[in-house]
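Asks: Here it is: the structure, laid out below.
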Amino acid sequence: MSKEKVVLAYSGGLDTSIIIPWLKENYDYEVIAVCGDVGQGKETEGLEERAKKAGASKLYIADLKAEYVKDYIWPVVKSGAEYEGKYLLGTSHARPIIAKKLVEIAEKEGATAICHGCTGKGNDQVRFELTIKALNPSLKVIAPWRIWDIKSREDAVDYANAHGIEIPVTKKELYSRDRNVWHISHEGMDLEDPANEPQLDSLLKLGVSPEKAPEEAKYVTISFEKGEAVALDGKKMEPLALLEELNKIGGAYGVGIADIVEDRLVGMKSRGVYETPGGTILYAAIKELEYLCLDRDTQSFKRQSAVKFAELVYDGKWFTPLREAMSAMFDVMDETVTGDVKLKLYKGNIYPAGATSPYSLYNEDIASFGDSHELYSHKDSEGFINLYGLPLKVRAMMMNKHGENKYKK
């Protein structure tokens, strides 16, 4: 009889490398490894040989980069969502597309279970499993970190060595990293103590520290159509290519390094350093264009909505009616966010350097200090202030009558 099949979310890192022999020992499954390529770069090289050496029957490498940028990253950029005002959701919006591919291959292969290497203390276990539940709730989920005897990354290294499994780390270099086309995160080791300053020169992978950035500023111009970046310095580019180019530029100028102590969904605080060079530039650019093109009420509601949207994405609720509805709302809000934004990059900072749009709501005739009788007269403000301040005036009259106006004391 053929064995039952399990699909393993495989990165070739420490955890997923040792999971293959562990699954075979404890479940006697046929292990089918799946790597969702969302921009890990050279990390995907040699994966097939390593996966099969570890005991997998086959490896799928699914190129998801273009779809990831267009259908997952771009909608989040349009929303302006930042988790806790700092984290640009780089790991969060990568998990749904990877989990979706796991479900597709599990159905294709007739697998009964999906296995992931997420720890029981992290957010990713939630993101993977909510996606699986939303797409195919009949699939069983196996999460080794919640059930095996391995208690630390050092234990995992020992397990790998004992089983002759090739791994890309040593006990001296045990940072937990997650890389994709949007960002790279760094956690663990000395970063676990928030009192420690990150050693950026040895830590960074996508760029340099601000101190080592060039002495001369760099100007970039990003063109948007309906809230989506379509060109860089006048050159039309596909979303993936545009983001990759911005990553190179931003990394070289020390842009997009964030040191964060964040509140995980599972209840604890964690500390990490994130590199998001291209994404940080995009967030700055679209914000400048929205200042120009969106009215006050829309901007205000959009900022408030972005907080909730960030929580939905962070919490793994991508495939939900609310996330879908909010994305549709942001599409409508940004229908007129079309134009060019010029930014100045210098030593890790981003400075606005001008924006233009055919849908600009800025009107120099109104905004100038001169009197524009047809559109706005200085005299108009008197009546406005009288009506706007009427509730304050009435209340003050009442309190003064009773001698209880505390603001006069």
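The values are calculated or read from the model by the stated rules, or taken from the named source; none is laboratory data. Bear in mind that the values here come from a model prediction, so they are computed numbers and not experimental data. Glycine gets a Cβ as well: all are built from the backbone with ideal geometry, and neighbour counts include every protein chain shown. These area figures cover heavy atoms from the full protein model, side chains too; ligands, DNA and RNA do not enter into them. Shrake-Rupley method; radii C 1.70, N 1.55, O 1.52, S 1.80 Å.
Asks: Just a yes or no: is a residue in the stretch 72-86 basic (Lys, Arg), open to solvent by 10 Å² or more (accessible area, probe 1.4 Å) and closer than 23 Å to Gly272 by Cα?
Replies: Yes.
Asks: Let me ask something else about it. Only one residue in Ser209, Ser176 is farther than 30 Å from Thr336 by Cβ, modelled with pLDDT under 95 and surrounded by 16 or more Cβ atoms within 10 Å (Cβ to Cβ). Which one? I'd like the intermediate steps shown before the answer.
Replies: Values: Ser209 fails: modelled with pLDDT under 95.
One residue alone meets the criteria, Ser176.
Asks: I'd like to know if the stretch 147-167 contains one or more residues that are under 24 Å from Trp74 (Cβ atoms) and of a type in the set (S, T, N, Q).
Replies: Scanning the stretch 147-167 turns up no residue that is under 24 Å from Trp74 (Cβ atoms) and of a type in the set (S, T, N, Q).
Asks: While we're looking at this one, here's another question. Looking at the structure I just gave you, is Leu246 among the aliphatic types (A, V, I, L, M), open to solvent by 40 Å² or more (accessible area, probe 1.4 Å) and within 18 Å of the chain's Cα centre (by Cα)? Lay out the reasoning, then the answer.
Replies: Numbers: among the aliphatic types (A, V, I, L, M): yes; open to solvent by 40 Å² or more (accessible area, probe 1.4 Å): no; within 18 Å of the chain's Cα centre (by Cα): yes.
Judged against the criteria, Leu246 is not a match.
Asks: On to the next question. Report yes if Leu59 is at pLDDT below 95 and of a type in the set (A, V, I, L, M, F, W, C), otherwise no.
Replies: Judged against the criteria, Leu59 is not a match.
Asks: Same structure, new question: Could you look through the stretch 373-397, keep only residues that are at pLDDT below 90 and more than 45 Å from the chain's Cα centre (by Cα), and pick out the one that is least open to solvent (accessible area, probe 1.4 Å)?
Replies: The selected residue is Ser377.
Asks: Looking at this structure, is Val69 at pLDDT 95 or above and in contact with a strand residue (DSSP E or B) (Cβ under 7 Å, 6 or more places away or on another chain)?
Replies: Judged against the criteria, Val69 is not a match.
Asks: Continuing with the same structure: Taking the stretch 80-100, which residues are among the small types (Gly, Ala, Ser) and either farther than 17 Å from Trp182 by Cβ or without any contact (Cβ under 8 Å) to a residue 40 or more places away in the chain (or both)? Steps first, answer last, please.
Replies: Within the stretch 80-100, the first condition is being among the small types (Gly, Ala, Ser), and the residues that meet it are 80-81, 85, 90, 92, 94, 99.
Within the stretch 80-100, just Gly85 meets the criteria.
Asks: Kindly check whether there is at least one residue in the stretch 82-95 that is modelled with pLDDT of 95 or more and assigned to a helix (DSSP H, G or I).
Replies: Scanning the stretch 82-95 turns up at least one residue that is modelled with pLDDT of 95 or more and assigned to a helix (DSSP H, G or I).
Asks: Sticking with this one: Have a look at Ala213, Ala229, Ala217 and point out the one that is small (Gly, Ala, Ser) and under 18 Å from the mean Cα position of the chain (by Cα).
Replies: Ala229
Asks: Do we find that Val103 is open to solvent by less than 10 Å² (accessible area, probe 1.4 Å), free of Cβ contacts under 8 Å to residues at least 40 places away in the same chain and among the aliphatic types (A, V, I, L, M) in this structure?
Replies: Values: open to solvent by less than 10 Å² (accessible area, probe 1.4 Å): yes; free of Cβ contacts under 8 Å to residues at least 40 places away in the same chain: yes; among the aliphatic types (A, V, I, L, M): yes.
For Val103, the condition - open to solvent by less than 10 Å² (accessible area, probe 1.4 Å), free of Cβ contacts under 8 Å to residues at least 40 places away in the same chain and among the aliphatic types (A, V, I, L, M) - is met.
Asks: Between a first residue in the stretch 127-149 that is of a type in the set (Asp, Glu) and at pLDDT 95 or above and a second residue that is outside any helix (DSSP H, G or I) and open to solvent by less than 20 Å² (accessible area, probe 1.4 Å), which pairs have beta carbons less than 9 Å apart while being 6 or more apart in sequence or on different chains?
Replies: Glu129/Ile114; Glu129/His116; Glu129/Cys118; Glu129/Ala143; Glu129/Gly316
Asks: Take Val220 and decide whether it is out of contact with any Gly (no Cβ under 8 Å at 6 or more places or on another chain), within 25 Å of Lys347 (Cα to Cα), open to solvent by 70 Å² or more (accessible area, probe 1.4 Å) and among the aliphatic types (A, V, I, L, M).
Replies: Working: out of contact with any Gly (no Cβ under 8 Å at 6 or more places or on another chain): yes; within 25 Å of Lys347 (Cα to Cα): yes; open to solvent by 70 Å² or more (accessible area, probe 1.4 Å): no; among the aliphatic types (A, V, I, L, M): yes.
Against the criterion (out of contact with any Gly (no Cβ under 8 Å at 6 or more places or on another chain), within 25 Å of Lys347 (Cα to Cα), open to solvent by 70 Å² or more (accessible area, probe 1.4 Å) and among the aliphatic types (A, V, I, L, M)), Val220 does not qualify.
Asks: What number goes with the only condition from (1) touching a residue at least 24 places away in the same chain (Cβ under 8 Å); (2) farther than 22 Å from Glu104 by Cβ that Gln199 does not pass?
Replies: (1)
Asks: Considering each of Lys101, Lys108 in turn, give the residue that is under 22 Å from Glu324 (Cβ atoms), part of a helix (DSSP H, G or I), out of contact with any Pro (no Cβ under 6 Å at 6 or more places or on another chain) and not hydrophobic (A, V, I, L, M, F, W, C).
Replies: The conditions single out Lys101.
Asks: Mind listing just one residue for me: the one in the stretch 95-141 that is among the acidic types (Asp, Glu) and under 24 Å from the mean Cα position of the chain (by Cα) and, of those, farthest from His186 (Cα to Cα)?
Replies: Glu104
Asks: Listed residues Ala134, Ala111; which is touching a strand residue (DSSP E or B) at 6+ places or on another chain (Cβ under 6 Å), open to solvent by 10 Å² or more (accessible area, probe 1.4 Å) and either under 15 Å from Tyr314 (Cβ atoms) or not β-branched (Val, Ile, Thr) (or both)?
Replies: Working: Ala134 fails: touching a strand residue (DSSP E or B) at 6+ places or on another chain (Cβ under 6 Å).
Only one candidate passes the filter, namely Ala111.
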